[in-house]
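> So that we are looking at the same thing, I have put the structure below in C-alpha cells.
The values are calculated or read from the model by the stated rules, or taken from the named source; none is laboratory data. Keep in mind it's a predicted model, so treat the numbers as computed, not measured. Cβ sites come from the backbone with ideal geometry, for glycine too, and all protein chains shown count toward neighbours. Each accessible area value is taken on the protein alone, full model and side chains, heavy atoms only, with ligands, DNA and RNA left out. Shrake-Rupley method; radii C 1.70, N 1.55, O 1.52, S 1.80 Å.
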Amino acid sequence: MENIKKKATRQSYGEALLELGRKNKDIIVLDADLAGATKTDLFAKEFPDRFFDMGIAEQDMISTASGISTCRKIPYASTFAVFAAGRAYDQIRNSVCYPNLNVKIVATHAGITVGEDGATHQMIEDISLMRTLPNMTVLSTSDDTQTKWAVEEISKIQGPVYLRLARLATNIIYPESQKFEIGKMVEITKGEDVTIFATGVTVEQAINASGELKKQGISVRVVDVHTIKPIDKEMILKCAKETKLLVSIEDHNIIGGLGSAISEVLTDLYPKKLIRTGIKDTFGRSGNAKELMNLYNIDAEYLIKTIKSNISM
Amino acid sequence: MSKVEELEKKAKTIRKGIIEAVYEAKSGHPGGSLSIADILTVLYFNELKIDENNPDWEERDRVILSKGHCSPALYSVLANRGFFKVEDLKTFRKIDSYLQGHPDKNKVPGVDMTTGSLGQGLSIANGIALMGKLQNKNYRVYAILGDGEIEEGQIWEATMTSNKYKLDNLCVIIDNNNLQIDGSIEEVMSSYPIDEKFKSFGFQIINIDGHNIQEIMDAFEVAKNVKNKPTCIIAKTIKGKGISFMENRVEWHGKAPTEEQYKIAMKELSNI
C-alpha cells in the first residue's frame, strides 16, 4: 500500500479553486481567518482582488457571500465545517437557501478525523443540518480527483451547495480520467454479498475492508456517495435488490447523515435492513485521526467485524 | 408644489398603503413601517436610480430592508413606484399572494434581497457594495436597520467589514423609533449611544429627524459625497408615525387595526 498517494481533500480544494479562478473571473472567495488551513490562501495569493478575508465572523461571511451572489458573481465561502454549518446556520437558511442564491459553501475539517483539536472542532452534524435545507445540494467527496471535479462542477450549477471536506490525508482513489456526475453514486468495486455505502474519508476504509473480506470469500460492493443530496435512489434500489446485506459508514453522527438518507429511500421504496456505521450520537475527543476512527468504529476493522457477524453465507 | 411638499403628500399615500395592507391581512407590522415611511418615500421617489420596468437592472441602486418585518412600507413604495399594482397590497400575507409576510426577492419585483431574520442585511449590503467597487460600478447600496435590530451581534461583525473595505458606496440608515417588541430600547437592551458606536466603527455619522423630508434629502446628498468611509444616518423617528393612536405605542409593533381603527387611521391620513 506504500505506493498509493495520499492527499487531504482540503488541499485538493485549494489547488482546484486556484485553477477555477484562472478560468472563471466570476469566482469570488471568502474565508474567515482560516485561509491557511482551508487552503483558500492559494487563490488569495494570485487573486487578491477577488479574495475577502472576513475575519473571525462566519455569520457575516455567509451573508456577505449572499449579497455578492446577487451581483451575478459566484462566491465560494470557506471555513471549518463546525463554523460554517453550525455557527452560520441561520444565515445559510435565510440568506442563502430560502432565496436560492448561488453561494458555494466549502467546509473543511469535517468529522472526528479533525483529530487533536477535539470535540468542539469535530463537526458530526453538518450533513444532517445541510441536507434538511430546501434548495441545498450537499456533496461530500472522498479523494483528490473527485474533489477537484466537484470544485469546478458546483460552479456550473445554479443554487446553493455545501461541499464537505476533510483535514485528514487519504488515498487518491480515482484516476484523473474518472468521470463523475452530481447525484450519481460511484460503484468502486463489484460485489454480490454486501454493499457498503461510504462517503468522504470513510470510502478508503470501505475499500480496505472489501479487499480483506474478498480474501475471506465475501464479495463486497463499495459505493462512493459523493452526493448526499439529491440522493441516488436508483443505485440504492439496485444495491438493495442485488446484494444481501447493506451497510453505511460515515464520519458523522448516525442521526441525520448518510445512513439516514439511505434509510429514508429504503423505507419509502424497498424496506430492507441497513446497518448504519458512524458516530453513535456522542461527541468526539482529542486524539489522532487513525486512533479516533478505530475508537468510534468508523474504520475498516469495524466494517470487517460487523459484516462478518451479520452476513449469512 | 415644492419637491418637499410633493414628497410629503406622497408619504401620506405610502402610509395609506401600509394601513390598507396590514388591515386586509389582519396581521403585520404597522408601527415600524410607519416610522420608515418618510425615509422610504424620499429614497424611492427622489433618490434611487431604479427602473420599475427592469427591476434587475445591473446598474441600479439597491435597498436592503434588513428590518424585513416592515415589508408593508417597502411594498407600498414599490407599488406606488410602479413595480406592481397598488391594489395587490390588499393581498398582503394571504395564501395565494406573492406579497409574503417578509420580503422575498424571488417573488416581489423590486425587492433586492430576501430578509426577515434580523441582523443579516448589513452583511448582504456589504457584499453588494464590495462587488460595486470590484466592478467599478456607480450604484449605491442602502441598508435600513432597526434600533432594536442592532442588538444582533452580526451587525457589528458587518460594520467591521464596511469599515475595512472603506465602502463609501454604502449608506446605513438606522430607524431609531426607540421601541422594540418587549418595550423601549433602554429597557430591553440598550443599543445607545448608536451614533458613537457607529462612529467608532469607522462610519461617517449624520443625525436627522427621520420625518423631516428636507433633512432626509440633505442627508442622502451629504452621504454621496463622503469618500473612503461608509455613512450611517441615524434617523430619530416615531413608531406608528402619522396615526394618532399608534404613535409611540409599543403594542402597535405587530398588530392590525380593527375596522373602526382602520377608518380612523385612513381619515387621519386624508386630513393631514
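> What is segment A:186-310 by shape, rounded, prolate or oblate, if you read a ≥ b ≥ c off the alpha carbon gyration tensor as root eigenvalues and call it rounded for a/c under 1.5, prolate for a/b larger than b/c, and oblate otherwise?
Cα axes put segment A:186-310 in the oblate bin.
> To the nearest 0.05, what FRET efficiency results for B:Asn225 and A:Asp117 with a Förster distance of 35 Å applied to their C-beta separation?
0.10
> From other protein chains only, count the Cβ atoms within 10 Å of every residue's Cβ in A:97-108, then give the mean.
Values: counts 0, 7, 10, 3, 5, 0, 1, 0, 0, 0, 0, 0.
Mean partner shielding for this stretch: 2.
> Which order, highest average first, do A:112-119, B:156-163 follow once you tally other Cβ atoms within 10 Å for each residue and take the mean per peptide?
Values: A:112-119: 19.6, B:156-163: 22.8.
Final packing ranking: B:156-163, A:112-119.
> How much of the accessible area of segment A:173-231, probe 1.4 Å, is carbon plus sulfur, in whole percent?
Carbon and sulfur together cover 50 percent of it.
> By how many degrees, 0 to 90 and rounded to 10, does the Cα axis of helix A:233-242 deviate from the longest principal axis of chain A?
On a 0 to 90 degree scale, this one is about 10.
> Ignoring everything except DSSP H segments at least 4 long, calculate the 222 nm mean residue ellipticity for chain B; use -39,500 (n - 2.57) per segment, divide by total residues, nearest 500.
The helix-only estimate for chain B comes to -12000 deg cm²/dmol at 222 nm.
> Go from 0 up to the bin containing the longest alpha carbon distance in the protein assembly as shown, width 10 Å each, and give me the % of pairs per bin.
4, 17, 24, 20, 15, 11, 6, 2, 0, 0
> Counting each pair of different Cα atoms once, what's the Kirkwood radius of segment B:3-271 in Å, rounded to one decimal? Before the final figure, lay out each step's value.
Numbers: mean 1/r = 0.0548 Å⁻¹.
For segment B:3-271, the Kirkwood estimate is 18.3 Å.
> Here is a further query. On average, how many beta carbons from a partner chain sit within 10 Å of the beta carbon of a residue in B:125-138?
Counting Cβ atoms of other protein chains within 10 Å of each residue's Cβ and averaging gives 5.
> Under a Cβ-Cβ cut-off of 15 Å, what is the net charge of the residues other than A:Ile182 that fall near it, where Lys and Arg count +1 and Asp and Glu count -1?
The answer is +3.
> Across peptide B:109-116, what mean number of C-beta atoms from other chains lies inside 10 Å of a residue's C-beta?
Other-chain Cβ atoms within 10 Å of each residue's Cβ, averaged: 3.
> For segment A:6-171, taking Cα atoms only, what is the radius of gyration to one decimal and the Dmax to the nearest whole Å?
Values for segment A:6-171 (Cα only, Rg and Dmax): 14.0, 40 Å.
> Quote the charge dipole size of segment A:6-171 about the Cα centre in Debye, to the nearest 20; the model charges only the Cβ of Lys and Arg (+1) and of Asp and Glu (-1).
The dipole magnitude comes to about 480 debye.
> I would also like to ask the following. GluC sites (Glu not before Pro), restricted to segment B:1-65: which are DSSP loop and have at most 15 other Cβ atoms within 10 Å?
Of the GluC sites (Glu not before Pro), the ones in loops of segment B:1-65 whose Cβ has at most 15 other Cβ atoms within 10 Å are B:Glu52, B:Glu58, B:Glu59.
> Roughly how many whole Å is it from the C-alpha centroid of segment B:146-188 to that of segment A:24-98?
So the two Cα centres are separated by 22 Å.
> Let me ask something else about it. Enumerate by residue number the trypsin sites (Lys or Arg not before Pro) in segment A:1-83 meeting two conditions: DSSP loop (anything except H, G, I, E, B), and at most 14 other Cβ atoms within 10 Å of the site's Cβ.
A:Lys5, A:Lys25, A:Arg72
> Taking every DSSP beta bridge with both residues inside segment B:3-271, roughly what % is antiparallel (nearest 5)?
10
> Among the listed pairs A:Lys104/A:Lys305; A:Lys156/A:Lys305; A:Lys214/A:Lys272; A:Lys190/A:Lys233; B:Lys224/B:Lys255; A:Lys25/B:Lys166, give every one whose C-alpha distance is greater than 30 Å. Don't skip to the answer; put the middle values down first.
Numbers: A:Lys104/A:Lys305 38 Å; A:Lys156/A:Lys305 42 Å; A:Lys214/A:Lys272 24 Å; A:Lys190/A:Lys233 18 Å; B:Lys224/B:Lys255 36 Å; A:Lys25/B:Lys166 23 Å.
The pairs that break the limit, which is 30 Å between Cα atoms, are A:Lys104/A:Lys305; A:Lys156/A:Lys305; B:Lys224/B:Lys255.
> Now for a separate question. So which aspartates and glutamates can B:Lys85 reach, going by Cα to Cα under 20 Å and dropping same-chain residues fewer than 8 places off?
Within the straight-line cut-off, B:Lys85 pairs with B:Glu20, B:Glu24, B:Asp51, B:Glu52, B:Asp56, B:Asp96, B:Asp104, B:Asp112.
> Quick one: work out the % antiparallel among DSSP beta bridges in segment A:6-171, nearest 5.
Taking every DSSP beta bridge with both residues in segment A:6-171, the antiparallel ones total about 10 percent.
> When DSSP assigns beta bridges and you keep just the ones with both residues in the protein assembly as shown, what percent turn out antiparallel, to the nearest 5?
15
> Moving to a separate point now. Return a whole-number percent for the relative contact order of segment A:205-313, with Cα pairs under 8 Å and 6 or more residues apart as the contact set. It would help to have the intermediate numbers written out before the result.
Numbers: 111 pairs, mean separation 33.2, N = 109.
Once divided by the residue count of segment A:205-313, the mean separation gives 30 percent.
> Sticking with this structure for a sec: If you put +1 on each Lys and Arg Cβ and -1 on each Asp and Glu Cβ, how big is the dipole of the protein assembly as shown around its Cα centre, in Debye rounded to 20?
1140
> Round to a whole angstrom and tell me the spacing of the C-alpha centers of segment A:238-304 and segment A:104-140.
Each part's Cα centre sits 16 Å from the other's.
> Once you have a ≥ b ≥ c as the square roots of the Cα gyration tensor eigenvalues for segment B:39-188, tell me rounded if a/c is under 1.5, and otherwise prolate or oblate according to whether a/b is larger than b/c.
On the way: a/c = 1.90, a/b = 1.08, b/c = 1.76.
Oblate shape, in that a/c is at least 1.5 and b/c is the bigger or equal ratio.
> For segment B:39-87, which chymotrypsin sites (Phe, Trp or Tyr not before Pro) pass both filters: DSSP loop (anything but H, G, I, E, B) and at most 13 other C-beta atoms within 10 Å?
B:Trp57
> Angle, helix A:258-269 long axis vs. longest principal axis of chain A, Cα atoms, 0 to 90°, nearest 10?
Approximately 70 degrees, to the nearest 10.
> May I pose another question? Specify whether the C-alpha gyration tensor of chain A places it in the rounded, prolate or oblate class, a ≥ b ≥ c being the square roots of the eigenvalues: rounded for a/c under 1.5, otherwise prolate if a/b is larger than b/c and oblate if not.
Prolate, since a/c reaches 1.5 and a/b exceeds b/c.
> Which pairs in the list B:Lys90/B:Lys263; A:Lys229/A:Lys280; B:Lys9/B:Lys197; A:Lys39/A:Lys238; B:Lys3/B:Lys105 are over 27 Å apart, alpha-carbon to alpha-carbon?
Exceeds cut-off: B:Lys9/B:Lys197; A:Lys39/A:Lys238; B:Lys3/B:Lys105.
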